[in-house]
Amino acid sequence: MSESTYKISKTSFLKFEQCHKAFFLYKNFNHLKDPLSKEKLLTFKRGHDVGYAAQKLFPGGIDVSLETKNLQNAAILTKELIEKKQCVIYEATFIFNHVLVMVDILELTTEGWIAYEVKSSLKVSDTYVKDACLQYYVVKNCLDNLCDFYLVNLNGDYVFHDELNYKTLFKRRSIKKDAEKNITYFQHQIDKIVLCLDQNTIPNVPIGKHCFTPYGCDFLGTCWKNTNQENSIFKLGKTDKEQLFNWYSRGIDVVEKIPEDEEMKSFLKIQVESMKHGKEYVNASAVKTFIDSIGKTFCFLDMEIWSAALPKYEGCKPFEQVPFLFSVCFETKDGVEYINYFKPIESDGREEFLKKLIASAKNFETIIVYDKNLEVQILNQLENLFPQYTKEIKLLLSRMRDISDIVQHFHYYHPKFKGNFSLKAVSEIVNGTSEYEQQQISSGLIAMNAYESLLTESNPIINETTKQELIDYCNLDTNTGLKFFNFLKEKIS
Ligand code: SF4
């Protein structure tokens, strides 16, 4: 039995699961949705790219979404294609019991129909399984001979050789058993959703941990607007959400309302006092210890990486982190200087990257980074790939100091951090305003995508501009690190 009208999409069903209010706002006040961040858009794009690659496993299909943008017509067209026994259908659309779902790939086999839902991740989360089970519930009720339903995701063990092998790049897992077990659950939930829509009043749901689990809600700007005060407790960093909501439920929404005798860990006390008095906190002896550990000659290092879902280079796995750009920044008597290396995207070139890095850093006694995790990870990976440079890499690592420790371990805290300990937050303090906002490229994910765009962009002027923007972004990171170092030095002088 299939229908032609629907009230619930897969997205809205998942919203209901997370928060009834989020569902209601999504259905009735969608204009209140927060604007999509560039990062979120890029995540969607990655999903589409991987979905498109998975279609290559089942070539020659008809993509229903390309035939019509009207979802009801898409369901009608899917029905027609099924009746005609079209072997492969992409974005097959079904409506049952008020719910509309689109299945990435539907394949006709000798046993019957098999559906595939593609995810652009290495792991299959519980939410993905639930999402696929809902699709199974709808498709099964529209298609008698649906014999299985698979979740398809990227295979973390896949290694690229010569060209992409789609058969081994993806792996699949049947969710049929899970789905069959939960049929009544979905029927029950859908009844509740229809009731929620019919009631036509915004469900009264207070903010809570559910606003971030399993996904950051799209309506944070609406529901959380009252927590935007300068001294809101939600601007306390590294704090257990349980603790924050416990305070919030007691009417403590700003730090001034936290009772004086409230027991709290020292890092929390530092933040609370700093916010209450609008003053920075400096642990002068810890900062001095850090500054004293820096050699006479020192530089700042930052790397950008490309983590492609679909690997491009020999021996690479999905999402393997490939470094493509570094900035080494240092002071001379004439001012600040930079050494950059930009790895062309067309070929692997990691050995050249490593050689340039070793050469650029060799004259400095100390190499300062902001959050060394990425740099250490990349250097260890390069050591595995090119063991002939082990000695140089070990030397480089032994000279590395992480200036973010000062912030992460609360040796320095500024109320403007607002619980954010990134280089961007530091930039607010040392650059006055956030220079990152003025850059075309303002985050690692955007940088990664800009680099990837060089693969397909044929206009050399656009390519040169992108390359320069990436270098500027990387240099801004090292320059901010340098300014922060000088800022700290002044604090303790
Ligand atoms: S922000 Fe929180 S309370 Fe508001 S709709 Fe989203 S999940 Fe529900």
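The values are calculated or read from the model by the stated rules, or taken from the named source; none is laboratory data. Predicted, not measured: the structure shown is a model, and the values here were computed from it. For neighbour counting, all protein chains shown are included, and Cβ atoms are generated from backbone atoms with ideal geometry for every residue, glycine included. Note: accessible area is taken over every heavy atom of the protein model, side chains too, but ligands, DNA and RNA are not part of it. Shrake-Rupley method; radii C 1.70, N 1.55, O 1.52, S 1.80 Å.
For the reader, a short list of remarks on this structure follows.
- Carbon plus sulfur fraction of accessible area for the chain, probe 1.4 Å, in percent: 51 percent
- Working note: Karplus 6.51/-1.76/1.60 with θ = phi - 60° gives segment 252-259 the couplings 8, 9, 10, 4, 4, 8, 6, x Hz, where Gly and Pro are set to x.
- Whole-percent pair-distance distribution, where bins are 10 Å wide, for the alpha carbons of the chain: 3, 15, 21, 23, 20, 12, 4, 0, 0
- Annotation: amide H-H contacts under 5 Å for residue 309 (H modelled 1.01 Å from N, sequence separation of 5 or more, or interchain): 319.
- Size of electric dipole in the chain: Cβ of Lys, Arg +1 and of Asp, Glu -1, about Cα centre, debye, nearest 20: 780 debye
- Label point distance in nm, residue 167-residue 365, each placed 7 Å from Cα along Cα→Cβ: 6.0 nm
- MRE, 222 nm, helices only [DSSP H, n ≥ 4, -39500 (n - 2.57), over the chain, to nearest 500]: -13500 deg cm²/dmol
- Across 126, 178, the residue with the most accessible area heads the list, and the full order at a 1.4 Å probe is 126, 178.
- For the pair residue 439 and residue 204, the difference between a 0.36 nm per residue extended length and the Cα-Cα distance amounts to 80.6 nm.
- For segment 136-180, backbone nitrogen atoms closer than 19 Å to the point 7 Å from residue 314 Cα along Cα-to-C-beta are found at 158-165.
- Heavy atoms of residue 85 accessible to a 1.4 Å probe, total area in Å² rounded to 10: 140 Å²
- Surface accessible to a 1.4 Å probe, residue 188 within the full protein complex, Å²: 100 Å²
- FRET efficiency estimate (nearest 0.05) - Cβ-Cβ, residue 110 to residue 338, R0 60 angstrom: 0.45
- Note on exposure: 472, 334 ranked by accessible area (1.4 Å probe, complete protein assembly) read 334, 472, with the most exposed listed first.
- The slack between residue 213 and residue 401, meaning 0.36 nm per residue of separation minus the straight C-alpha distance, is 64.2 nm.
- Segment 256-316 and segment 5-53: distance between their alpha carbon centers, rounded to Å: 33 Å
- Probe 1.4 Å, accessible area per residue of the chain, Å²: 50 Å²
- Across all Cα atoms of segment 286-492, the radius of gyration (one decimal) and Dmax (whole number) stand at 17.2, 52 Å.
- A simple rule links phi to the HN-Hα coupling: the Karplus curve 6.51 cos²θ - 1.76 cosθ + 1.60 with θ = phi - 60°, which for segment 335-340 gives x, 8, 10, 10, 10, 10 Hz, with x for Gly and Pro.
- Accessible-area order (highest first, 1.4 angstrom probe) of the listed residues 435, 490: 490, 435
- Applying 1/(1 + (r/R0)^6) with R0 = 41 Å to the Cβ-Cβ distance of residue 123 and residue 490 gives a FRET efficiency near 0.35.
- Residue 227/residue 453 FRET efficiency (R0 25 Å; Cβ-Cβ; nearest 0.05): 0.10
- Beta bridges from DSSP with both residues in the chain: antiparallel share about 70 percent, rounded to the nearest 5.
- 3J(HN,Hα) along segment 314-329, derived from phi through the Karplus expression 6.51 cos²θ - 1.76 cosθ + 1.60 where θ = phi - 60°, amounts to 3, x, 8, 9, x, 6, 5, 7, 10, x, 10, 8, 10, 10, 10, 10 Hz, with x in place of Gly and Pro.
- Distance (nanometres) between label positions extended 7 Å along Cα→Cβ at residue 188 and residue 293: 5.5 nm
- If the segment from residue 352 to residue 83 were pulled out straight at 0.36 nm per residue, it would be longer than the present Cα-Cα gap by 91.2 nm.
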